[in-house]
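Below: the structure, in structure tokens.
The values are calculated or read from the model by the stated rules, or taken from the named source; none is laboratory data. Here the structure is a predicted model, which is why all the values come from computation and not from measurement. With ideal geometry, Cβ positions are generated from the backbone for all residues, glycine too; neighbour counts draw on all protein chains shown.
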Amino acid sequence: MDPALWIELIIFVILLGFSGFFSSTETSLFSLSSFQLDQMRAAKNPRIELIERLRSEPRRLIVTILIGNEFVNVSASVISAAMVIHLFGAENEMINLLVMVPILLLFGEITPKVLAIRNNVAFANFECRPIALVASLITPLREVIRYIADFFITLIVGKQRSQGNLVTEDMIRTLVHDAVGEGALDSQEAQYIEKIFDFGNKTLRDLMRPRSDIQFLSADLPVAELLAQIKATRQSRYPVYKGRRDAILGILYARDLLGVDLARLERDPQGFRKLLRQPHFFPESKPAVELFHTFRQRKLSFALVVDEYGGVTGLVTMEDLLECVFGEIASPSDSDVMSSHLVSELADGRRLIDTSMALDDFNQQFAVKIESEEVETLSGALLEAFGELPVSGAAIDLCGLRFTVEAIEHNRITQVLVERLPAVIEGLASDEVGAQVSSTADSEATVVPANVPTDAATQNVEKREGL
């Protein structure tokens, strides 16, 4: 064989090897996960700093790899064409195309990338120093190419401000999912991260406690009566209004009454008003994240929510905002309200429940599973189960519990009596005339006659027992 042909063949093989090097380098460096990088740091890998420096400038790295890859591929094609002409003549130059395409794909792209993705840590350790050297050597050429590329990009899409290494929400969610699978994050930490993103999409309308759950105080009432209401409801803060509930005078903090001569306060109504703090109003459409920053900057923890017409529609506290991310936050006031306000045990064993109680709290306390995607309170779940606003005394059976409507105010169920059903009645529940309660397919709750008084419901069950 002609010595020149041997030289061309050797150069071609070397160029093909460089093509595989650049292709595998791109795959190995960019496929390293955060978990693998953490393992390399823990093992004190001597090349971890260089690898992280290369990855910290992805555009610089990718341009270097592309320049090197294109240079060796074009050079290999030229050498291959010379070899084909030398062997078969210029009239058969198409043979070069038929030969080079599969060779470059197989040995310059596919095989190196597959090997690199399967052994990315080993490849990254081996290739980081050579690619760093190449990046340094071709710096002038790379900067010229980047400048030209930026010029044409500006002509096509216009000038944009540099965004650096842009990381999107979807990318972070994917990283979190992978980290949980690899054990770098536990499920609770992943939930916190997911909730942070969800929190960014919420407005005050999504978080606020509804107007019906707010304990208002009327400035038109005698101070003695106001103090009695405070003792009975045991809230920490009260919006105080005059005339109508949308005309808020201020916010009364219960702790501000400590150290105050209450007897003197009853004789001096103006002294009561001096205790009120300035109310803060925010629209329903305000993003929850913005309110969180406002609370921190202005050192607030309580705000009233208003609609477009200025009417008070709810309230939001700092605790409500934090619970969106961290879940239910237990506090002494929560336990007091739960024991003294939401749940009262009667002498006959039944319990009187304030239906403003959160549905999740009720399920946890009574060890049942009443589910609904549409409501958050026990009142909403019961109204959904009845299908219409029931009358006082109406009863409904759900998940082995009988709920008897005790009080209704402003088209809302406010109090119910709850008692556990005997096992026999629970077994008969599937035969009774009723409707499905839960909005989810896997709910265990069923209704045994609805919209009838408790006594009538009991008689109905007794008749069936007799059968």
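Residues that are of a type in the set (D, E, K, R) and farther than 21 Å from I172 by Cβ number at least 1 in the following helices (runs of 4 or more DSSP H) confined to the range 1-71: 3-30, 48-56. In the range 197-231, of all residues being under 26 Å from the mean Cα position of the chain (by Cα) and aromatic (F, W, Y), the one that is nearest to H410 (Cα to Cα) corresponds to F199. Take the conditions (1) part of a helix (DSSP H, G or I); (2) modelled with pLDDT of 85 or more; V84 misses just one of them, which is (2). For the range 43-89, give me each residue that is buried (at least 19 other Cβ atoms within 10 Å of the Cβ) and acidic (D, E). Listed by number, the list is empty, since nothing qualifies.
Checking the conditions here, which among L37, L32 is assigned by TED's automatic domain parsing to the domain that holds R146 and within 19 Å of L115 (Cβ to Cβ)? One residue alone meets the criteria, L32. Restricting attention to the range 237-252, which residues are free of Cβ contacts under 8 Å to residues at least 40 places away in the same chain and surrounded by 15 or more Cβ atoms within 10 Å (Cβ to Cβ)? Correct list: Y238, V240, Y241, L249, G250, L252.
Working only within the range 277-314, note down all residues that are under 22 Å from the mean Cα position of the chain (by Cα) and surrounded by 13 or more Cβ atoms within 10 Å (Cβ to Cβ). Matches in the range 277-314: E284, K286, P287, A288, V289, L291, F292, T294, F295.
Condition check for S187 on (1) surrounded by fewer than 13 Cβ atoms within 10 Å (Cβ to Cβ); (2) assigned by TED's automatic domain parsing to the domain that holds E284: one failure, at (2).
Residues that are without any contact (Cβ under 8 Å) to a residue 40 or more places away in the chain and either of a type outside the set (S, T, N, Q) or at positive phi (or both) within the range 349-367 comprise M357, A358, L359, D360, D361, F362, A367, listed in sequence order. Scanning the range 131-142 for residues that are of a type outside the set (S, T, Y) and under 12 Å from L61 (Cα atoms), we see that the one that is surrounded by the fewest Cβ atoms within 10 Å (Cβ to Cβ) is L133. Where helices (runs of 4 or more DSSP H) fall wholly inside the range 236-314, the ranges with 1 or more residues that are closer than 30 Å to A224 by Cβ and touching a Leu at 6+ places or on another chain (Cβ under 8 Å) are 262-267, 269-274. Please tell me if E328 is exposed (fewer than 14 other Cβ atoms within 10 Å of the Cβ), farther than 14 Å from M208 by Cα and out of contact with any helix residue (DSSP H, G or I) (no Cβ under 9 Å at 6 or more places or on another chain). Spelling it out, it is not the case that E328 is exposed (fewer than 14 other Cβ atoms within 10 Å of the Cβ), farther than 14 Å from M208 by Cα and out of contact with any helix residue (DSSP H, G or I) (no Cβ under 9 Å at 6 or more places or on another chain). On inspection, A381 fails the criterion of being outside any strand (DSSP E or B), within 24 Å of D348 (Cα to Cα) and either at pLDDT below 90 or aromatic (F, W, Y) (or both). Any residue at all in the range 335-347 that is under 30 Å from N201 (Cα atoms) and either among the acidic types (D, E) or at pLDDT 85 or above (or both)? For the range 335-347, residues under 30 Å from N201 (Cα atoms) and either among the acidic types (D, E) or at pLDDT 85 or above (or both): absent. Is it the case that the range 206-229 has a residue that's touching a Cys at 6+ places or on another chain (Cβ under 7 Å) and crowded, with 16+ Cβ neighbours inside 10 Å? Yes, there is a match, as at least one residue in the range 206-229 is touching a Cys at 6+ places or on another chain (Cβ under 7 Å) and crowded, with 16+ Cβ neighbours inside 10 Å.
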